[in-house]
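The values are calculated or read from the model by the stated rules, or taken from the named source; none is laboratory data. Computed from a predicted structure; not experimentally measured. Quick reminder, even Gly has a Cβ in these numbers, built from the backbone with ideal geometry, and neighbours come from all protein chains shown. Surface accessibility is based on the protein's heavy atoms, side chains included, excluding ligands, DNA and RNA. Shrake-Rupley method; radii C 1.70, N 1.55, O 1.52, S 1.80 Å.
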Amino acid sequence: MQGPQPATAPGIPYGSPQQVPATASGMPYGSPQQGPGTYQGAVNYGFQARPMEFPGGFVPPVQNQPTMDRTIWMPIPPSIPNCPPGLEYLTQIDQILIHQQLELLEIVTGFETNNKYELKNALGQRVYFAAEDTDLLTRICCGPARSFTIRIIDNLGHEVITLRRPLRCSSCCCPCCLQELEVQAPPGTTVGYVVQNWHACLPKFTIQDEKRRDVLKIIGPCIVCSCCEDINFEVKSVDETSAVGRISKQWTGFVQEMFTDTDNFGISFPMDLDVKMKAVMIGACFLIDFMFFEHGSNKRQRSGVW
């Protein structure tokens with residue numbers, strides 16, 4: 001004869017794991033929590049189908065629903081006055097790691113697919129998930145020089161940062177039409193720009209605020225190529241006399257570097273840097289990735305591998 005069974009919530013079978021919010025009674029703020037999925041169509045990411053609410057086919061996750069791969073999300077920080085919603089996470093970190101997801105369809109067919117990225121803190125907790133939103137024709141015709149929209153979402157499924165890159169000439173011989181990227185946080189509210197500066201031999205960029213006032217400079221190496229080591233883009237003050245941070249393209253191994261465009265980046269910045277400028281630095285990392293490292297299909301063509 002079995003004894004009385006513990007009561008369970010309606011519709012939840014006994015023994016099923018239940019998620020407890022990080023702010024629930026008895027659990028201190030900052031405890032790790034299981035996060036939701038990421039992007040519709042991505043492998044092992046659980047999303048509920050609500051495609052009509054977001055453009056580009058993006059559908060948000062459901063809070064307190066664990067991912068199939070047991071991804072740990074960074075705990076949800078409290079709201080901060082005068083901070084764009086969703087950027088509160090950036091007040092608690094001084095570095096962020098960006099991992100581009102491997103796309104098997106792109107490797108097999110050679111056709112460029114929409115890029116997807118995980119953004120993590122130093123503890124390996126996911127802070128954001130980013131997904132490119134461009135059409136197939138644009139990706140095929142323009143390749144890495146294409147215009148794009150990248151949507152960055154938090155663990156509540158809210159789109160907190162939008163990156164927009166217009167179509168511009170990719171040749172350094174055209175100083176009148178250099179690369180530019182607009183950063184919005186939240187979507188629809190511009191917080192800054194990343195503007196390419198013409199230079200004879202160095203990749204240089206300026207980080208600007210919403211009023212297009214220069215805030216920081218980014219200076220890359222003369223040759224944006226290396227073997228078995230990271231490639232660093234230094235973030236400096238406007239007068240270029242003091243170091244502020246760094247954007248690093250991390251070496252991922254010969255096979256991955258040669259035959260794919262799946263890249264890893266690290267971004268470091270001062271803890272007390274304005275969160276809006278931290279968001280713009282994240283945008284600068286994506287622009288640098290597309291300009292210098294998104295050439296997987298070209299690599300396969302040169303090597304004869306398809």
Exercise. Given THR252, THR206, THR262, which one is at pLDDT below 90 and out of contact with any helix residue (DSSP H, G or I) (no Cβ under 9 Å at 6 or more places or on another chain)?
Worked result: THR252
Exercise. Quick check, is GLU182 assigned to a loop (DSSP other than H, G, I, E, B) and either modelled with pLDDT of 90 or more or under 19 Å from the mean Cα position of the chain (by Cα) (or both)?
Worked result: no
Exercise. How about segment 82-100: which of its residues are polar (S, T, N, Q) and open to solvent by less than 30 Å² (accessible area, probe 1.4 Å)?
Worked result: GLN100
Exercise. Do we find a residue being among the polar types (S, T, N, Q), surrounded by fewer than 21 Cβ atoms within 10 Å (Cβ to Cβ), under 23 Å from GLU294 (Cα atoms) and touching a residue at least 40 places away in the same chain (Cβ under 8 Å) anywhere in segment 169-178?
Worked result: yes
Problem set entry | Matching residues, segment 120-155, being over 17 Å from the mean Cα position of the chain (by Cα), of a type outside the set (D, E, K, R) and open to solvent by 20 Å² or more (accessible area, probe 1.4 Å) | LEU136, LEU137, THR138, ILE140, CYS141, CYS142, ALA145
Exercise. Quick one: GLU240 ticks every box in (1) outside any strand (DSSP E or B); (2) open to solvent by less than 40 Å² (accessible area, probe 1.4 Å); (3) more than 17 Å from MET291 (Cβ to Cβ) bar one, so which box is it?
Worked result: (2)
For this session: Kindly list the number of the only condition in (1) touching a Lys or Arg at 6+ places or on another chain (Cβ under 9 Å); (2) part of a loop (DSSP other than H, G, I, E, B) that fails for VAL235.
Result: (2)
Exercise. Which pairs have Cβ atoms under 6 Å, sit 6 or more apart or on different chains, and link a residue in segment 126-142 that is within 30 Å of MET74 (Cβ to Cβ) to one that is β-branched (Val, Ile, Thr) and at pLDDT below 90?
Worked result: ARG126/THR71; PHE129/THR38
Problem set entry | Counted residues, segment 183-209 - those being under 16 Å from VAL275 (Cα atoms) and either open to solvent by less than 40 Å² (accessible area, probe 1.4 Å) or free of Cβ contacts under 8 Å to residues at least 24 places away in the same chain (or both) | 11
For this session: Please work out which one of (1) without any contact (Cβ under 8 Å) to a residue 60 or more places away in the chain; (2) under 16 Å from GLY283 (Cβ atoms); (3) open to solvent by 20 Å² or more (accessible area, probe 1.4 Å); (4) of a type outside the set (Asp, Glu) is the condition ARG213 fails and give its number.
Result: (2)
Seminar exercise, completed: Of the residues in segment 90-117 that are farther than 18 Å from ALA284 by Cβ and touching a strand residue (DSSP E or B) at 6+ places or on another chain (Cβ under 7 Å), the one that is modelled with the highest pLDDT is LYS116
Exercise. Residues in segment 195-216 that are among the hydrophobic types (A, V, I, L, M, F, W, C) and part of a strand (DSSP E or B): how many?
Worked result: 5
Exercise. Counting only residues that are within 17 Å of LYS116 (Cα to Cα) and touching an Asp or Glu at 6+ places or on another chain (Cβ under 9 Å), how many does segment 261-285 have?
Worked result: 6
